[in-house]
Amino acid sequence: MVGGMKMPLTALVLSSCLSLLSGCASAPDASAHRDGPATPNDASMTFVIVRHAEKVADGSKDPPLTEAGRARAQALAQRLSSVPVIAVYTTPLQRTRQTATPTAQEHGLPLITYDAKLPAADFATRLRQRHAGQTVLVVGHSNTVPDIASALCSCEVAPMSEAEYDRLMTVRVDGSGRASFEVGRQ
């Protein structure tokens, strides 16, 4: 009974559903809550791109890092320790993995392996789609990281020589898609 009148069951159920729905209409916007993945227009994203650190010249296809390379990898982790890195990408080779591992450990993150043969534009598109509003480290090779940075910023990036290990490239993309590019040394 509602207000002293008998109400059919369907009308009662419908009335209850409408009451529930009206309560939902005034609920806070779920997009304001940041526990889930970000959407492309809600914040800027930052990509830090480096070549692997110094490698042992042993003639093998998959050499480890030298002592200087391990020190450079630790220095990179220290430099990024206060940066909110949310993902660390590396190729499957041990020199890139060894370069990325200290930063991943610093942030409690797993290494995410990517295929260095993937076209840079395709990889950059995936990174932008997966990491809107986030900061990501990408560790690659002298013949791939300039192209990845270039694809992320849609700008010219100088090639990298086999002897260059200290270039640190940062691409920042704002919420409207405009990119900026910075080069530093590590």
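Read-outs throughout are calculated quantities, based only on the coordinates presented, and are distinct from any laboratory measurement. It should be emphasised that the depicted structure is a prediction, and the values quoted were computed from it without experimental measurement. Neighbour counts are summed over all protein chains in view; Cβ atoms, including those assigned to glycine, are modelled from backbone coordinates with ideal geometry.
How high is the relative contact order of segment 45-185, in percent, with contacts defined as C-alpha pairs under 8 Å that are six or more residues apart?
32 percent.
Starting from 0.36 nm per residue, how many nanometres of slack lie between Leu168 and Ala43 once their C-alpha separation is accounted for?
42.7 nm
For segment 119-129, what does the Karplus curve 6.51 cos²θ - 1.76 cosθ + 1.60, with θ = phi - 60°, yield as ³J(HN,Hα) per residue in whole Hz, taken in order and with x for Gly and Pro?
x, 4, 5, 5, 5, 4, 4, 4, 4, 4, 5
Can you tell me the length gained on complete extension of the stretch Ala68 to Arg178, counting 0.36 nm per residue apart and subtracting the Cα distance?
Contour length minus Cα-Cα distance gives 36.0 nm.
Between Ser82 and Arg130, how high is the FRET efficiency from 1/(1 + (r/R0)^6) when r is the Cβ-Cβ distance and R₀ = 25 Å? Nearest 0.05.
Efficiency, from the Cβ-Cβ distance: 0.60.
Cα centroid distance between segment 120-179 and segment 64-81, in Å?
20
For Leu118 and Ala75 in one chain, what is 0.36 nm times their gap in residues minus the Cα-Cα distance, to one decimal in nm? List each step's numbers first, then the result.
Details: separation 43, 0.36 × 43 = 15.48 nm, distance 2.83 nm.
Roughly 12.6 nm would be gained on extension.
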